[in-house]
1. Specify the residue with the greatest mean-square fluctuation among A:L64, A:L185, A:L270, computed from a Gaussian network of chain A linking alpha-carbon atoms under 10 Å apart.
2. Could I get the Rg over Rh figure for the range B:134-186? Both from C-alpha atoms, Rh via Kirkwood, rounded to two places.
3. Got a number for the accessible area of B:M118? Probe 1.4 Å, square angstrom, nearest 10.
4. Please compute the contact order of the range B:171-246 in relative form: average sequence separation of alpha-carbon pairs under 8 Å and at least six residues apart, divided by the residue count, as a percent.
5. Which length gain, in nm to one decimal place, applies between B:N310 and B:R139 when the Cα-Cα distance is subtracted from 0.36 nm times their residue separation?
6. Run the numbers for B:R239 and B:K15: contour at 0.36 nm per residue of separation, minus the present Cα-Cα distance, in nm.
7. Can you give me the relative contact order of chain B as a percent, contacts being Cα pairs under 8 Å and 6 or more apart?
8. Compute the accessible area per residue over the range B:1-55, keeping the other protein chains in place, probe 1.4 Å, unit Å².
Amino acid sequence: MALLVVKFDLKKRVKLAQTVWFMYWFAVLAGILVLSLGLFFKIELRKRSELMDNNESHFLPNVLIAMGLIACGINAFGGKVCYDSLDPTKFAKWKPMLKTFLVFCMGFNALLIVTSLLCFIMRIPLQFTLAEGLKNGMKYYKDTDTPGRCYMKRTLDLMQMEFRCCGNDNYRDWFEIQWVSNRYLDFSAKEVKDRIGSNVDGQYLMDGVPFSCCNPSSPRPCIQYQMTNNSAHYSYDHYTEELNVWRRGCRDALLSYYGGIMNTIGALVLLVAVTIGLQYVDTSLSTLANPEDMESESEGFLLEKTVKETFTDIMAKMKTMGKGAKVEEGGEEGVATVS
Amino acid sequence: MAVGKITFTKTEREKLAEVLWLLNWISVVTGAILFGLGLFLKIEIQKWQEVMSEQGILYVPHMLITTGLAACGINYLGSKICLDCADTNKFLRWKLVMIPYIVCTFFFTACVLVGALMCYSIRSQLEEALYLGLRNTMRFYKDTDTPGRCYLKKTLDLLQIQFQCCGNTDYRDWFQIQWISSRYLDMTNSAVVDRVRSNVEGKYLMDSVPFSCCSTLSSRPCIQHNLSNPGAHAHYDERSQQLNLWRRGCQQALLDHYTGIMQSIGLTVLLIWLFELLVLTGVRYLQTAMENVIRLGDPESESEGWILENSLAETACYNFSIIKSLGKCYQVDDDPNINVPTAAADQEVPSAQVQVNVTS
């Protein structure tokens, strides 16, 4: 009792073959989409690799790129087979490979679903990498003369302006590190000497933030220095002032940005996997339906026997394969002991 | 003496019609591209409209948009006509429309050329508009509580950050205007009062710039205040001064940005114009060839096609005389059919004599 039996005459077969060929080319486009998503994600990670301590894992985008390429290849091949399926002479050379091809496709589809799940899960390691990277980034802000770190100031400034964030958790993180290099401090000034003297580690800390934290939407010119001293500025209360600098922390901002990218990519890859899976169903109908004689009717089915019977068949096959190996071993041992 | 005479066999005529049908469809696509370019330019101008003083330069994208839509329509009609032109019977349907269609297409192609040239010539107008617009925006920078001007601060800050520029021509433009609102000035402070009093117009001017002028390329934290006194800052040497703020003026930055866009658009429109000219020439040849075939009577024979039947000078004279006679239509002198009533009825001349007078 076959599964999902459908009768096909010549016209219906041609129609089915055309539809499936079309869907294969659509699947090639979907493969290109997955490839480009992988490339985009890789470029985004590369752009900010300094903030992730050059430690970020490129595993996920590489997998996406590979899957995209394989999808393109498989579906182009499937399209060619489909195109030939209406011509019995051409189809004859593909017929033996067909079953293995379909099984391979099913396996690839399962891999695609696993990849999309990975996209959702990989947020967590990314979170830790970002937190670590941002903390170090702020520490090296002032080291514009140290090779390897001289672009950190620029990267951080551009990032804070682009993502509208300030500091790691909030702007007060800048109060705890020295972000003005000693090269630009006047050590003869009393104020500087007092401040360094009052700090345990000899660091010049101040309640000020870099200019990139400033919010252009503020109605008053940006207050960057002496932020906690209300009397230093006219009509200013740092507890109620909300528009002066960006309130959000950069870790949150970057996380939600990358999280958004990964969620979107995961959803799209899942969609692609489902779409491709559906058309493999069609393929099995179409390819199994081709008889030798073009004009006659034929039956097409999904599986030759019912699901249960197919499953028991596969299990039996695997057992015989396992037994076959054991018998051979025993035979060989016997041969060995005889001599 | 015809201009550009070429002889066409029947197969050549049919081939020409097919090729022109295809070219017309491609022209529809280029018309859509023209429309898209106009739309893109309009959006780009409207993005920074607040820093431009008048709306005068919006006529360029509007011209491109209308020309693009006209191109789509005209070329769609053209493709229909050309498809029918291969067969002499179907051509008769379009015979009367052809001349007006070609004249229309000629003027439309001229419009495309004008559109392309406008893109290149608008630079001086843009320069003026940007200078005045930026000067006003900087003046209103502090008016974040005045309705209609409250977003100018944000716009100008974002402009300076995005285009990496400061002030109108130079960062020193900020020294000449009061960009801190009086709401945030402590009028009880003697220093503030002195500064305001020492200025003729009572403005609070300083040698400092807003934070958006700060350059991200600088290796030291940004110095915004006391800019005319380098000694006030530790180790503030020549090189630090060069890198500290953006050196370019926003007028120059925006001018470069828009000139670049318009030059690319102008070049594309010129290429589209050349293509349209080619299609127009092809249609003219097809029209004249088909008309000559009909005149000769035999659909299978060869026929000649040309751009102008007589030389350029003769055609110009002919057209002028047509326009003159159109004008004369409204004057009553030569027409024998009009009965001009004279004072005495018995002075009417018998009709035969009148005719003789006219023909001589």
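1. A:L185
2. Working: Rg = 11.0 Å, Rh = 11.5 Å.
Checking Rg against Rh, the ratio lands at 0.96.
3. Ignoring ligands and nucleic acids, B:M118 comes out at about 30 Å².
4. On the way: 76 pairs, mean separation 22.9, N = 76.
About 30 percent, as a whole number.
5. Working: separation 171, 0.36 × 171 = 61.56 nm, distance 6.44 nm.
In short, 55.1 nm is gained.
6. 73.7 nm
7. On the way: 422 pairs, mean separation 89.2, N = 360.
So the answer I get is 25 percent.
8. Details: 3070 Å² over 55 residues.
Per-residue accessible area for the range B:1-55 comes out at 56 Å².
The values are calculated or read from the model by the stated rules, or taken from the named source; none is laboratory data. Every value quoted in this text rests on a predicted model; they were computed, and no experiment measured them. Neighbour counts are summed over all protein chains in view; Cβ atoms, including those assigned to glycine, are modelled from backbone coordinates with ideal geometry. Accessible surface areas use protein heavy atoms only, side chains included; no ligands, DNA or RNA. Shrake-Rupley method; radii C 1.70, N 1.55, O 1.52, S 1.80 Å.
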